[in-house]
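Note sheet for the following structure.
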Amino acid sequence: MSQLDNRKDNRSVGSPKGFHLDRTNGKLMGVCAGIARHFGIDVTLVRVGFVLGTLLGFGSFILIYLAIGLIAD
């Protein structure tokens, strides 16, 4: 095997450079997809978490989502 076959794709789970938005797999701004990729979990779980947080937190997660979307990348 060559070295190209053995190298690990850095974009699959976690990024060595930190958190980045994932606009290609994201629905709105790519925040949930970026969080899911960074931590290596399913994006649906992150989206459900944001919806539940928004409903139970009286809309505060909408502000958190917008802040992450505007600050990241």
Going residue by residue through the range 18-30, the Karplus relation 6.51 cos²θ - 1.76 cosθ + 1.60 with θ = phi - 60° gives ³J(HN,Hα) values, rounded to whole Hz and with x marking Gly or Pro, of x, 7, 9, 5, 10, 6, 6, 9, x, 8, 10, 10, x
What are the ³J(HN,Hα) couplings of the range 62-67, residue after residue, when phi is run through the Karplus curve with 6.51, -1.76, 1.60 and θ = phi - 60°? Round to Hz, x for glycine and proline.
5, 5, 5, 4, 5, 5
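Each value in this text was obtained by applying a stated rule to the coordinates, not by laboratory testing. Owing to the predicted nature of the structure, the values given are computational and were not obtained by experimental measurement.
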